[in-house]
Structures are given as structure tokens and as C-alpha cells.
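Read through the structure below, which is laid out as C-alpha cells, and then see the notes.
The values are calculated or read from the model by the stated rules, or taken from the named source; none is laboratory data. Keep in mind that what you see is a predicted model, and the values were worked out from it rather than measured. With ideal geometry, Cβ positions are generated from the backbone for all residues, glycine too; neighbour counts draw on all protein chains shown.
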Amino acid sequence: MTEVQSADKLRARMQNIDPYEFEHFVADLWEDRGWTTEVSAGSNDMGVDIEAHKSDGLVDQKLAIQAKRYADGNKVGRPEIQQYYTLKEQDTEADAAVVVTTSSFASTAEDWAREHNVKLVDGEDLVELIDEHDRHDLLDEYAPDITSEAGGNIDPTDAATIDTTVELPEPLQDQENRKKGALLLAVSGLVVWANPWNSPLPMPVFGMALLVGSVVFYAYLEEAVAAVVGESQVLQQFRNGAELMEKNGTVKYKPADERDQVTFDDFDSLAMRRRQGNVYGELDQQFSAGVPNAPSGSIPTNVASKGEETIAAYRFAVHGETPEDIASEMGMSQQDLVASMNDVAGVEFDSEKAAA
């Protein structure tokens, strides 16, 4: 199931699309609206990024579309709108000029565009188009989220095998102790059933509950405890014997040695916490003394020396930074960011990969 994301997050992901890929993204959105599109070649486009055509059998229409993938705060100004309009005017077949941006437009640009019939589409409009045509899958293609299908098979629940374990206190792991406890419950149940006190309470019901409890205690204690306290799932086993665990929505990395477990709680999304734990576990395989710790905003030297892919993975797994922020600050497209983290962490969650 695709996670419903906020408009701010969708805009942030669009702002991390590669600029040239953003032109294709816009073209695909316009095709959803019934247009036939053609993305201009980069060196020959004369400033017009996309040509869009539509015909109803009687009237042919042509749009000259300019696509600007800008960050928030980098508004499209009036001079740029005037320039794009001039380019449209050079094409005698174009009926209208359209400027599409992931950010917004300056008020002077909006005023000039209204006077000259230039259509403006900002980041909020793009989000509405994505929702209107249900094309979040298109965004997953051009700016894959770290938990999207396009980012790889990254949900550990897709693992071929998920082990569930419930660890009982040591005395209850002994079958003889379990037998004695069950016998005590059974005898107590019979006594209560007999009701030698002549209690007005429904003692047979209580007695029956104790008898059933004796059977559960002896034969099904693990299952009963798991039902009450929740099961611990082994989401992934790593090459060095470490495990990624989950219990009642809490995701933890259990090292193979005596180091403390690491809990992942930086993200509201369970899928993101699972992915964070996976990336952390794969990073842990790369350092003999385990993943080094560093304050937020800093990168240890031995992490930085491994290159951008490891730096991005470290910022996500250790500092809990969002892929959108990492891509933006590192000057990467989100597509490249997700691909790089997949290179570091892998995307397969099965026992064969874990044993490789």
C-alpha cells in the first residue's frame, strides 16, 4: 500500500528530480490530461522544453511548455516569464505558453502572465495534478521514495521468511516446571469447580477457566505470551549474524556482539523505520568496530572516506535525515540518492541474500 504523503513532501520530492528528467515528468503529466507531448532535445530546444498537442477532430491546439525545477524560495520572476513568452511568440503555431515550476511565482510575474495569457503552474498545482490523476506512481518513477517500490524491494515484510520468537523466563522454559505449574492450575480448577465454600459466585465458570488455563500453560505458553505481549519478528539476518527485529512497531538492530541494541524512532512511518534499520545494519557490516557515532550535522572521517553513497546512507540511518533533505543538501537527484543507498544497503530481504 502506497503511503499517503503530505503536499510538502511531494513538492520536496519533485524538487529532487533531475532537471532534465523533470521535463519528462511534466510531459507525462500533460499526457495524462489528454495531450500528446514531445520533449525537446537539450541543445536544440531554443528554450522551449516541451511541445504539447491536442486535437478534438476540428481544432488543433499546441502549447509551448517551459519546465523549471526550482527549490522553495527560488521564485520564477517576471523577466523569465517575459523571456518564455517571447520564445512562444516565435512559434507561430503555438496557441499558448505554459510555465511549470516546482516552486512558485513572484507577484509581478503573475500580474504580467495574466495580462499576456501565459499559463502558470506552480508546485501546489502540480501536487493537485498528481492527486487528481492518481499518479503517485509517476512520482515514484522520477523521484523514488526510499520506501517506494521504485526504490527497490525495501519493505522487510516482503521477506521470504520471517521468524517470530517469544523468549520466556528461564524457569518457564523447563518442561518439568511447566508440568508442575499446569498441574497446580488443574487441581485449583477442580477445587473451585466443586465450590466447597458454597459461594454464590459462578464458581464452575472460574473453575473451567483454570482448567483451560492449565492446558494453555503447559502446551501453548509461548503462543499465549506472544498474543498478549506481541511477537518479535526477525525482519532480516545480516552476514555477521546481527538481526533486525520488530516488536509492536518498534524496530531494533541487534548486533552480533555485545554492543547495545539500536532503536529506530526517527520516522513516523513503520516502513521508513524498517528501511532505516536495514541501511544501518548494512553499514554496520562495513566497519570492524561497528557504525561510528557522530553528532548530527557531522560525518566521521572513516565514513566520509568511503564516498557520497556511504555519506548519504549514514545521514539517513544514523542521523535520521529524510531522503528529501539529503538529496537537496548533497546536490543529488532523489533518483540518484535512492539508487546510491540501494547500492550501499541492498534491496533484497531474504535469507539467501543474508547468507551471501
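Quick one: which of VAL192, VAL212, VAL205 is over 17 Å from VAL225 (Cα atoms) and exposed (fewer than 15 other Cβ atoms within 10 Å of the Cβ)? Can you show your working first?
Values: VAL192 fails: exposed (fewer than 15 other Cβ atoms within 10 Å of the Cβ); VAL212 fails: over 17 Å from VAL225 (Cα atoms).
Result of the check over VAL192, VAL212, VAL205: VAL205.
Where residues in region 30-61 are small (Gly, Ala, Ser) and either in a loop (DSSP other than H, G, I, E, B) or modelled with pLDDT under 90 (or both), which of them is nearest to the chain's Cα centre (by Cα)? Show your work before the answer.
Of region 30-61, the ones small (Gly, Ala, Ser) are 34, 40-43, 47, 52, 55, 57.
Keeping just the survivors that are either in a loop (DSSP other than H, G, I, E, B) or modelled with pLDDT under 90 (or both) gives 34, 40-43, 47, 55, 57.
On the way: GLY34: 31, SER40: 33, ALA41: 33, GLY42: 32, SER43: 36, GLY47: 35, SER55: 40, GLY57: 44 Å.
Per the criteria, the residue is GLY34.
For region 215-227, give me the residue count where each residue is in contact with a Lys or Arg (Cβ under 9 Å, 6 or more places away or on another chain), surrounded by fewer than 16 Cβ atoms within 10 Å (Cβ to Cβ) and not hydrophobic (A, V, I, L, M, F, W, C). Quick ask: steps written out before the conclusion?
First, pick out the residues of region 215-227 that are in contact with a Lys or Arg (Cβ under 9 Å, 6 or more places away or on another chain): 217-219, 221.
Filter once more, keeping what is surrounded by fewer than 16 Cβ atoms within 10 Å (Cβ to Cβ): 219.
Those left that are additionally not hydrophobic (A, V, I, L, M, F, W, C): none.
So the answer is 0.
What residue, of ALA113, ALA106, is in the same structural domain as ARG69 (by TED's automatic domain parsing), in contact with a helix residue (DSSP H, G or I) (Cβ under 6 Å, 6 or more places away or on another chain) and farther than 19 Å from ALA12 by Cα?
Only one candidate qualifies: ALA113.
Just for region 278-293: of the residues that are in a helix (DSSP H, G or I), under 12 Å from VAL262 (Cα atoms) and of a type outside the set (Ser, Thr, Tyr), which one is nearest to the chain's Cα centre (by Cα)?
Within region 278-293, the first condition is being in a helix (DSSP H, G or I), and the residues that meet it are 278-284.
So of that shortlist, the ones also under 12 Å from VAL262 (Cα atoms) come out as 278, 280-281, 284.
Now narrow it down to the ones that are of a type outside the set (Ser, Thr, Tyr): 278, 281, 284.
Values: ASN278: 12, GLY281: 17, ASP284: 21 Å.
That would be ASN278.
Let's see how each residue does on (1) part of a loop (DSSP other than H, G, I, E, B); (2) modelled with pLDDT of 90 or more; (3) surrounded by fewer than 16 Cβ atoms within 10 Å (Cβ to Cβ); (4) of a type in the set (Val, Ile, Thr):
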site: GLU309; (1), (2), (3), (4): no, no, no, no
site: ARG315; (1), (2), (3), (4): no, yes, no, no
site: GLU321; (1), (2), (3), (4): yes, yes, no, no
site: SER328; (1), (2), (3), (4): no, no, no, no
site: MET332; (1), (2), (3), (4): yes, no, no, no
site: ASP343; (1), (2), (3), (4): no, no, yes, no
- Message: Would you confirm whether or not region 10-29 contains a residue that is buried (at least 22 other Cβ atoms within 10 Å of the Cβ), outside any strand (DSSP E or B), polar (S, T, N, Q) and within 31 Å of the chain's Cα centre (by Cα)?
- Response: yes
